[in-house]
Amino acid sequence: MKTSRMKEFLKGNIALLAIVVLMFSCSQEGEGVSQSNFSINNDKAQLNERMTKMNQSVVVNTSENGRGKADFELILKGELAPPSIDENKLQATSITRKGKLLAVSYNFKGETYAGGIDLLTDDLEITSQVLFNDSDINDLTFSGSSLFFVGSTSSMSIPAFIQKIGFNQGNGTFKSEESIRESLGSYAANSVLEIGSDIYATSGNLASQGGGLYQLSSSLQKKGYQPVEDAKWVTSDGKSMVCVAGSPNKIYAFDNDDLKEKDNFSHAGKPLEEAKMTVDVDKDLVFIAGGENGVLIYDMDGNLEGHITFSDNSVTNAVSAEKDRLFISNGEGGVYVASYKKDIEIIGKLELNTAESVNHILVHDDYLYVASGLGGVKMIEIKD
């Protein structure tokens, strides 16, 4: 979300926002996307010039707030440099993986709207890329032979949008003719998730202008909506959709089928206005990236089970939990790992030799993916 542009937009377009949100509510099918707004590149040789494969050990520095002991090994397998548009480098914002495919999203730092997506195989070969000259891409998810993604754009009356693009599962190339886009409410859509045959997306920051949690079909028809003030991120615990809000600080649980609210409780996070604030769920624990207040861990009833703070004034903007390990993105403070196998305790900081701000992290099976903004993406194998 671009703050100054958001303010300008707010002054003259509040009525228009409500109209467009209503139009979206009545929409039956997605709008085609002008191909002039994006370009597809399937030149694998050129695309893979940005990929560096390696096999280097990653040290976990236990002197950095560490209290536990690492019972695993980390191996840096590859680094992906971000693409550029008109010689302006994009920044990595999010990563998703399904099966043997990965996708990385990018946006542009500053006032200009621009972004892109890389499609990769699990052996770290880039197979296709799409670049947008009018849109930031903030998050993405796979569903069948389509990739769904969300962001903000300068080409529509309401900046927040969701879009899908098809790809060939055989050779991993995007299909421009299989792309549709729909408006969401408010200024920037920031997370998207596939559950079953449905797609769920969050859009902030004003619920009064359509911000909140959306449920959509695979053809982007709206199936459900819940207004959530300053909706930041959505995940699922297998039973409910779990949505975190930044202001007021709330965790919501909604029914998967009809988005009926099941529960909510307050959290103690202190997010920055434009920063990520992700939430993850594992073993009936809710892990919240609490911004300036570190990591907050609650049970499903809203009881605080743990609070991880850092001595370097880090801002925690993403968390990813799996196999009793919690990986923590602290922006310019880097990446930390903690354990919740028995007690909740920090193990240490990953020495990744980067000064770039870490925007997002994803743990998937035996891999850790780190989106470090202008530093691109790091792919790290986790060996038990």
Which condition number in (1) buried (at least 22 other Cβ atoms within 10 Å of the Cβ); (2) in contact with a helix residue (DSSP H, G or I) (Cβ under 7 Å, 6 or more places away or on another chain); (3) not hydrophobic (A, V, I, L, M, F, W, C) is the one that E274 fails? (1)
Please specify each residue of the range 188-217 satisfying the condition of being of a type in the set (F, W, Y) and either open to solvent by 10 Å² or more (accessible area, probe 1.4 Å) or under 20 Å from A318 (Cα atoms) (or both). Y200
Tally, over the range 194-206, of residues that are out of contact with any helix residue (DSSP H, G or I) (no Cβ under 9 Å at 6 or more places or on another chain) and under 23 Å from Y113 (Cβ atoms): 5
Filtering the range 227-248 down to residues that are at pLDDT 95 or above and open to solvent by 40 Å² or more (accessible area, probe 1.4 Å) yields P227
Search result, residues across the range 42-100 that are part of a strand (DSSP E or B), closer than 22 Å to F310 by Cβ and β-branched (V, I, T): V58, V60
What's the total number of residues in the range 104-151 that are touching a Lys or Arg at 6+ places or on another chain (Cβ under 7 Å), of a type in the set (S, T, Y) and either open to solvent by 10 Å² or more (accessible area, probe 1.4 Å) or without any contact (Cβ under 8 Å) to a residue 60 or more places away in the chain (or both)? 2
The one condition L220 fails out of (1) assigned to a loop (DSSP other than H, G, I, E, B); (2) open to solvent by 20 Å² or more (accessible area, probe 1.4 Å) is (2)
Note on the range 365-384: residues at pLDDT below 95, open to solvent by 10 Å² or more (accessible area, probe 1.4 Å) and of a type outside the set (D, E) are L374, G375
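The values are calculated or read from the model by the stated rules, or taken from the named source; none is laboratory data. The model shown is predicted, which means the values in this text are computed figures rather than measured ones. For neighbour counting, all protein chains shown are included, and Cβ atoms are generated from backbone atoms with ideal geometry for every residue, glycine included. When the accessible area is computed, the model is the full protein with side chains, heavy atoms only, and any ligands, DNA or RNA have been set aside. Shrake-Rupley method; radii C 1.70, N 1.55, O 1.52, S 1.80 Å.
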